[in-house]
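What follows is a short report on a single structure.
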Amino acid sequence: MKIIAFAGSNSTKSINKKLATYATSLFENAQTEILDINDYEMPLFSVDREAVLGHPQLAQDFLDKLASADYIVVSLAENNGNYSAAFKNLFDWCSRIRNDVFQQKPMLLMATSPGGRGGKRVLEIAEAAFPRYGGDIRATFSLPAFYENFDVENGKISNAEFDQQLRQIVKDFV
């Protein structure tokens, strides 16, 4: 089983990348690859740029990575109640190559934030949108108050209730 995971954030200290990395560690007998969307940075999408540039190879490379997965784990950053600009740009370029960006792969969709809602707004947006783009969302998870509920030093959820919730999701996922 191969899992491709990424955070919808271009922060080098992304708390969503930490959550995605931890979540993948809970899958037994899995080969995992954590993507960094900074490796897929492209010009800001517009139809004018697309007419000049065509489809950037980096967008195709990202789609190829998703194609290689049996499962996808995504943890979205919430910026002003929506996707981060970095993720949205990557998503926009990819959707111009193939509408089913997520290619019907089973997906664990997550979010975390320093605040008490844990990125629930961006999860709601993604839950509504991703199925139209080939996202087979099998489960969602939100971790509120990241710095209170995640042990950054050890790279795992420190709140027993949230940890058990994610562990059960992963167990039921496969």
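No value in this document is a laboratory result; all are computed from the given coordinates. If you're wondering where the values come from, they're calculated on a predicted model, not measured in any experiment. Backbone-built Cβ (ideal geometry, glycine too); neighbour counts: all protein chains shown.
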*Within the stretch 158-167, identify whether any single residue is within 28 Å of L90 (Cα to Cα), within 16 Å of the chain's Cα centre (by Cα) and touching a residue at least 12 places away in the same chain (Cβ under 8 Å), and answer yes or no.*
yes
*asked:* So in the stretch 140-174, with the set limited to residues that are under 17 Å from P114 (Cα atoms) and of a type in the set (S, T, Y), which one is surrounded by the fewest Cβ atoms within 10 Å (Cβ to Cβ)?
replied: Y147
*the stretch 34-61: number of residues that are over 18 Å from V101 (Cα atoms) and among the acidic types (D, E)*: 1
*Pairs, first of a type in the set (S, T, Y) in the stretch 1-19, second part of a loop (DSSP other than H, G, I, E, B) and crowded, with 22+ Cβ neighbours inside 10 Å, C-beta under 6 Å, six or more apart*: S9/A77; S9/S84
*Condition test on K105, is it among the basic types (K, R), crowded, with 18+ Cβ neighbours inside 10 Å and within 14 Å of the chain's Cα centre (by Cα)?*
yes
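Here's the yes/no breakdown for (1) without any contact (Cβ under 8 Å) to a residue 60 or more places away in the chain; (2) of a type in the set (D, E):
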residue	(1), (2)
D39	yes, yes
H55	yes, no
D61	yes, yes
L76	no, no
N82	yes, no
*Filtered residues of the stretch 115-140 (kept if under 23 Å from S14 (Cβ atoms) and in a loop (DSSP other than H, G, I, E, B))*: G115, G116, R117, G118, G119, G135
_Hits in the stretch 63-74 - residues which are surrounded by fewer than 17 Cβ atoms within 10 Å (Cβ to Cβ) and free of Cβ contacts under 8 Å to residues at least 60 places away in the same chain_ = D64, A67
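Being part of a helix (DSSP H, G or I) and either in contact with a Gly (Cβ under 8 Å, 6 or more places away or on another chain) or farther than 30 Å from D172 by Cα (or both) is the filter here; which residues of the stretch 7-24 pass it?
Filtering the stretch 7-24 down to residues part of a helix (DSSP H, G or I) leaves 15-24.
Selection gives N16, K18, T21, Y22.
Condition first: within 15 Å of L19 (Cα to Cα), hydrophobic (A, V, I, L, M, F, W, C) and either without any contact (Cβ under 8 Å) to a residue 24 or more places away in the chain or crowded, with 20+ Cβ neighbours inside 10 Å (or both). Can you find one or more residues in the stretch 127-135 that meet it? It would help to see each step written out before you state the result.
Let us first name the residues in the stretch 127-135 that are within 15 Å of L19 (Cα to Cα), namely none.
No.
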